[in-house]
């Protein structure tokens, strides 16, 4: 079995080796959140396009304020978007609002909190240095320079920056289709009433949400029974998408048929097990030039292995670089004891005490326990080199996407 880091790297290498460049489309900026930019956004002018005040106060000449108690004559007012036609001369100032353009002649802004006003006379209680509280013209970006690089993931800041530059129609890469297929005779539709030994298809729902929030277009194929012929037909339908994700049917049981059917279809297997718990039987293959992931059917295993292995493949087929795993360090709040030659991803609760993260493993009944996972906002990551970890030690944690 591969270490999960090697398995993840194998997914990245194979996805890159396909050499797929996604198609492009132009969309309105309102629909661009989460998409991958295909063409950079350039500055249409200098930013800021004028010397911008960052405070409410008075536009002054620094040379006139070299000592506390300087007295200046206020010769006008300037609000954001307004124009002052005059020039600030010696001993003069202009009342100015945040966001307004600094008038000609002034080279700094005195904060209103540090002034006293009597009619048109402004008294400063401290020195103002040249450039104080001013963002100089062109200091953020020069016209023609890239503001948002190609292959950037578009978030709210990138959308605001594009809007500021007037780029309201953006060229983006198309999103890859991810076919989702659950397997198992015991699985029924989530809207159905299950029999006493059946379970509702929670994996289909969670995988669809995981794919969509990862930036893909989910294609729901429902559930296939543990029978080779219908399973093969469903898999062939799934191979019409760029990525096929199956849940269930990848263990060693008599009716775990996914690997057999994939082999019959000519699949090349890149790994058929990973040294993790939950998720050990995870499978990754290519079939008909498509990426195929066989994820274990227990729901927690399904979600963990999607995050570890499917997510970087979606990133690459979306035109982006694979996002690194957002693992960070936290203090262990409860003792941990997990033995065996695997890396354990244990449902956990992450809390903050001041600036320090603390993590507690939650009680759980194994990889089918969705109740525990819903209470968790992350995973405690415990490797085989540390089978017993005491309270207060530093440990790795992986946040549950969307829960923190």
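The values are calculated or read from the model by the stated rules, or taken from the named source; none is laboratory data. Nothing here was measured: the structure is a model prediction, and the numbers come from that model. For neighbour counting, all protein chains shown are included, and Cβ atoms are generated from backbone atoms with ideal geometry for every residue, glycine included.
Observations on the structure shown:
- With respect to (1) at pLDDT below 95; (2) closer than 25 Å to residue 1 by Cα; (3) surrounded by fewer than 21 Cβ atoms within 10 Å (Cβ to Cβ), the lone exception for residue 367 is condition (3).
- Within the range 1-33, the set of residues being touching a helix residue (DSSP H, G or I) at 6+ places or on another chain (Cβ under 7 Å) and either under 26 Å from residue 171 (Cβ atoms) or surrounded by fewer than 12 Cβ atoms within 10 Å (Cβ to Cβ) (or both) comprises 12, 15, 16, 20, 22, 29, 32, 33.
- Candidates 314, 350: the one that is closer than 30 Å to residue 16 by Cα and either outside any loop (DSSP other than H, G, I, E, B) or more than 17 Å from the chain's Cα centre (by Cα) (or both) is 314.
- Matching residues in the range 344-364 - criterion: being surrounded by fewer than 16 Cβ atoms within 10 Å (Cβ to Cβ) and over 30 Å from residue 187 (Cβ atoms): 351, 352, 353, 354, 355, 356
- Among residues of the range 282-295 being surrounded by fewer than 24 Cβ atoms within 10 Å (Cβ to Cβ) and in a loop (DSSP other than H, G, I, E, B), the one that is farthest from the chain's Cα centre (by Cα) is 288.
- Taking the range 164-184 as the range and being assigned to a loop (DSSP other than H, G, I, E, B) and surrounded by 14 or more Cβ atoms within 10 Å (Cβ to Cβ) as the test, the residues that pass are 165, 167, 174, 175, 176, 184.
- Cβ pairs under 9 Å, 6+ apart, first in the range 12-40 and outside the structural domain of residue 308 (by TED's automatic domain parsing), second exposed (fewer than 15 other Cβ atoms within 10 Å of the Cβ) and part of a helix (DSSP H, G or I): 29/163; 33/156; 34/213
- Failed criterion for residue 261 (all others in (1) closer than 19 Å to residue 179 by Cβ; (2) part of a loop (DSSP other than H, G, I, E, B); (3) in contact with a helix residue (DSSP H, G or I) (Cβ under 9 Å, 6 or more places away or on another chain); (4) without any contact (Cβ under 8 Å) to a residue 40 or more places away in the chain hold): (2)
- Exactly one residue among 119, 81, 101 is outside the structural domain of residue 166 (by TED's automatic domain parsing), surrounded by 13 or more Cβ atoms within 10 Å (Cβ to Cβ) and either free of Cβ contacts under 8 Å to residues at least 24 places away in the same chain or more than 13 Å from residue 57 (Cβ to Cβ) (or both), and that residue is 101.
- Checking residue 26 against (1) touching a strand residue (DSSP E or B) at 6+ places or on another chain (Cβ under 7 Å); (2) more than 30 Å from residue 108 (Cβ to Cβ); (3) at pLDDT 95 or above; (4) assigned to a loop (DSSP other than H, G, I, E, B), the condition it does not meet: (4)
- Enumeration of residues in the range 65-98 that are part of a loop (DSSP other than H, G, I, E, B), under 47 Å from the mean Cα position of the chain (by Cα) and under 22 Å from residue 126 (Cβ atoms): 97, 98
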